[in-house]
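Structure first, commentary second.
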Amino acid sequence: MLSALGKGASMQHKPDVAMRSLLGGPPEVVPVPSIAETKGLATEGAHMRMDPRILTRISDVVSVLEQDYTKVLQSHISDMERAYIGWKSGTEDTRAKIYEIAHDIRGVAGTFGRPLSGQIATRICARFDQAPKVIPAIEDHIDALNHVASLSPEPEGAFADLVLKRLDELSDVRPDPAGEAKAGG
Amino acid sequence: MTEASLAPLRILIVEDSEQMRTLLEALLEAMSITDILIAEDGEKGLALYMETAPDIVITDGAMAPMDGYELTNHIRTAPDNPNPYVPIIMLSGHLEKEHVEKARASGVTEYLAKPVSWQTLYERLVSIVSNPSFFIRTPTYLGPDRRRETDELYQGPLEKHNAPQPKTTAEILPLDAIRRPSLIRTK
């Protein structure tokens, strides 16, 4: 998980400092009290820590949601397959639908214990971003996603790496026929 | 140190994905937070924010008609906003530098990459609730103060170079100790 605005990232990017330099003077620094203080959740200066009971509860909730998500994911992939068939037959707006579904999957699947599905969906989005007309091996990606989603638990480790590597290889060498037809037309 | 009770918080979720909304709502409820407001895009989120003044905003990045960056910008700059310093956590599937910089420039408090780890979300919420913060206000920017660099013009409370520096390896372990033959492991 990337906390991109955390300490590591702030060492490199300092837009506020750049702005201050441009303005030629120091900015106003506004101290903001903690929410714990303003809402009376803790006394002044007392730090809060994560509650282990809540951690357990969250873990339980996520487990339940993971089971439900498997069905949701399979339904998403069915929609994606239908959209792809539509795209192949020349319905242009279904292309956006494929991207939309893949974007949704990549944002959520990892949280529901399906990181490989999320990574395949991320690749689908990337293929669309990189090549707006010719989408390399898109059918292979959708097939792989469909297959992976049918497995519980998902493959991980070396097998997952192999699946992703194979999709990358296919994308490098084989453009998608539907996209190719459109690019030509 | 006290264990975090987040129950009294009012949190606004602005997210266009139904699954993500469901997940976030369930996670917040597991944290005993029940005052949860939900909007499907930035425009509705802004309206709900102005109406309800939540303690924390959790927003997606890419949305239409108003995205999370614009939403953050509006919250930070709206003249009639009673709390422009509200913590804003942005969840985004876009990890590219330009998106991160855009989020920073709009004034988000935290930028978390999707897929969101629930442990990270809880940890960030506890940290945001627990810690006071400093904001920077200039004519063109209002957002968290993230300065870390040495700057002789700035004498503010967050300047890291004013704090005691950690010891270097050489200070902790003198060089002659490293060179001492007895410390070199042999067969």
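The values are calculated or read from the model by the stated rules, or taken from the named source; none is laboratory data. Nothing here was measured: the structure is a model prediction, and the numbers come from that model. Heads up, the Cβs are rebuilt from the backbone with ideal geometry, glycines too, and the neighbour counts pull from every protein chain shown.
Residue-by-condition table, conditions (1) under 30 Å from A:Gly107 (Cβ atoms); (2) more than 7 Å from chain A (Cβ to nearest Cβ); (3) modelled with pLDDT of 50 or more; (4) part of a helix (DSSP H, G or I):
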| residue | (1), (2), (3), (4) |
| --- | --- |
| B:Ser127 | yes, yes, yes, yes |
| B:Arg147 | no, no, yes, no |
| B:His161 | no, yes, no, yes |
| B:Thr186 | no, yes, no, no |
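Considering each of A:Val72, A:Val108, A:Val61 in turn, give the residue that is at the interface with chain B (Cβ under 7 Å from one of its Cβ atoms) and over 21 Å from B:Arg124 (Cβ atoms).
A:Val72
Could you pull out the residue among A:Ala36, A:Ala83, A:Ala102 that is within 26 Å of B:Ser92 (Cα to Cα) and within 11 Å of chain B (Cβ to nearest Cβ)?
A:Ala102
Just name the residue that is surrounded by the fewest Cβ atoms within 10 Å (Cβ to Cβ) out of those in region B:40-61 that are touching an Asp or Glu at 6+ places or on another chain (Cβ under 8 Å) and among the hydrophobic types (A, V, I, L, M, F, W, C).
The qualifying residue surrounded by the fewest Cβ atoms within 10 Å (Cβ to Cβ) is B:Met50.
Which of the following residues is within 9 Å of another protein chain (Cβ to nearest Cβ), surrounded by 20 or more Cβ atoms within 10 Å (Cβ to Cβ) and in contact with a helix residue (DSSP H, G or I) (Cβ under 6 Å, 6 or more places away or on another chain): B:Tyr122, B:Tyr141? Talk me through it step by step, then tell me what you get.
Working: B:Tyr122 fails: in contact with a helix residue (DSSP H, G or I) (Cβ under 6 Å, 6 or more places away or on another chain).
Every option except B:Tyr141 fails the conditions.
Just need a number here: residues in region A:116-138 that are assigned to a helix (DSSP H, G or I) and surrounded by fewer than 17 Cβ atoms within 10 Å (Cβ to Cβ).
So the answer is 3.
Return the pairs, sorted by first residue and then second, in which the second residue is among the charged types (D, E, K, R), the first residue lies in region A:61-84 and is without any contact (Cβ under 8 Å) to a residue 40 or more places away in the chain, the beta carbons are less than 8 Å apart, and the residues are 6+ apart or on different chains.
Pairs found: A:Val61/B:Glu29; A:His76/A:Asp104; A:Asp79/A:Lys97; A:Ala83/A:Arg95; A:Ala83/A:Lys97.
Would you check which residues across region B:94-119 are of a type in the set (Lys, Arg) and facing another protein chain (nearest Cβ under 7 Å) and list them? Give the steps one after another, and end with the answer.
Filtering region B:94-119 for residues of a type in the set (Lys, Arg) gives B:97, B:102, B:104, B:114.
Residues satisfying the conditions are B:Arg104, B:Lys114.
Given region A:1-83, what helices (runs of 4 or more DSSP H) lie entirely inside it while holding 1 or more residues that are modelled with pLDDT of 80 or more?
Helices (runs of 4 or more DSSP H) meeting the threshold: A:35-38.
The rows are residues; the columns are (1) of a type in the set (Phe, Trp, Tyr); (2) modelled with pLDDT under 95; (3) buried (at least 23 other Cβ atoms within 10 Å of the Cβ).
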| position | (1), (2), (3) |
| --- | --- |
| B:Met1 | no, yes, no |
| B:Pro8 | no, yes, no |
| B:Ala26 | no, yes, no |
| B:Asp35 | no, no, no |
| B:Pro65 | no, yes, no |
| B:Thr77 | no, yes, no |
| B:Lys114 | no, yes, yes |
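Would you mind telling me which numbered condition in (1) of a type outside the set (Val, Ile, Thr); (2) surrounded by fewer than 17 Cβ atoms within 10 Å (Cβ to Cβ); (3) assigned to a loop (DSSP other than H, G, I, E, B) A:Glu154 fails?
(2)
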